[in-house]
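What follows is calculated from the coordinates using simple rules that are stated; it is not laboratory data. Keep in mind the model is a prediction, meaning the values are calculated, not measured. Methodologically, a virtual Cβ is constructed for each residue, glycine included, from the backbone with ideal geometry; neighbour enumeration extends over all protein chains shown.
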Amino acid sequence: MDLELAGRVAIVTGGSRGIGRAIALELASEGADLVICARQRDVLDEAARALEKESGRRVVPVVADTTQGESVTRVVDAALALGRIDILVNNASTPGGMVRGPLAEADERILLEDIDTKVVGYLRCAKAVAPHMQRRGWGRIVNIGGLSGRRAGNISGLRNAAIVHLTKTLADELGAHGITVNLVHPGATRTERTDAETERRAAGNAIRRIVDAREIGQVVAFLASTRAASITGVAIDASGGSIPVMFQ
């Protein structure tokens, strides 16, 4: 299936490693040019070189911190230098969250930092790209959440629940402009940092194996395509069926 992404320009935040890098590779493999951003210059530059070599597309690395408005502006300007902004993938965050212990050990300051990155940071990026998408009458925003937003036990999981609300709110506001906004919840996912114990535990899901990061990328690429024009304001569980209930 041709996803009709050739010639599109995408921004992937947190695109230097893990799920973000896999998403970037999938979009580039489908013909999109990219701006990827992350905080660490050396890792970011290596990722950009590798992605360009693997895909043959332009990949522009921008050192950025999505808690800072001026950083977000630099990312947007880099994408506009490629000619346009069609796709935003909000992925920049600390994997698993920064507040995962018991209530007695929960640090409110750290929790606020976590939310500033993953919730307010997503909002900053969406706010920055939306006017450009609105002018063109087309756009795709895909937010990367996490299944801790659907299960208890992790205080930082509240950030993923908040992103559900943000996604639907933006979808309702931007839909009339040809812009869709969706959310993908990965579960345990194989990346370059996955260890054998994580692989073993993840095999208890419905498909009996861990989901690979590239499979998350494939879901995102479809949502970012012309083929998904009727899908907006939804949260997709891409964990291989790791939660034993259905969400309507």
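Overview of results
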{"read-out": "Cα centroid of the stretch 178-196 to Cα centroid of the stretch 98-161, whole Å", "value": "13 Å"}
{"read-out": "Under 20 Å from the Cα of LYS127 - lysines, other chains or at least 8 residues apart", "value": "LYS118, LYS168"}
{"read-out": "Cα lying deepest toward the dipole's positive end in the chain, options PRO61, LEU44, LEU88, charges on Cβ", "value": "LEU88"}
{"read-out": "FRET efficiency, MET246 to MET1 (Cβ-Cβ, R0 35 Å, nearest 0.05)", "value": "0.85"}
{"read-out": "Spin-label pair ASP116/ARG200, simplified geometry with 7 Å Cα→Cβ offset, distance in nm", "value": "3.9 nm"}
{"read-out": "Helical contribution to [θ] at 222 nm, DSSP H n ≥ 4, -39,500 (n - 2.57), averaged over the chain, rounded to 500", "value": "-12500 deg cm²/dmol"}
{"read-out": "Where labels lie 7 Å past Cα in the beta-carbon direction, separation of GLU46 and THR169 in nm", "value": "3.8 nm"}
{"read-out": "Sequence-separation-based contact order of the chain, relative, with Cα cut under 8 Å and 6+ spacing, percent", "value": "20 percent"}
{"read-out": "On Cα atoms only, tilt of 18-29 relative to the major axis of the chain in degrees", "value": "30 degrees"}
{"read-out": "Evaluated at q = 0.08 Å⁻¹: base-10 log I(q)/I(0), Debye formula over Cα of the chain", "value": "-0.27"}
{"read-out": "5 angstrom amide H check on VAL211, placed H, neighbours 5+ away", "value": "ARG190"}
{"read-out": "Spin-label model distance (nm) - GLN68 vs ARG136, 7 Å beyond Cα toward Cβ", "value": "2.7 nm"}
{"read-out": "At R0 = 35 Å, FRET efficiency that the Cβ-Cβ distance of ARG109 and ARG209 yields, to 0.05", "value": "0.35"}
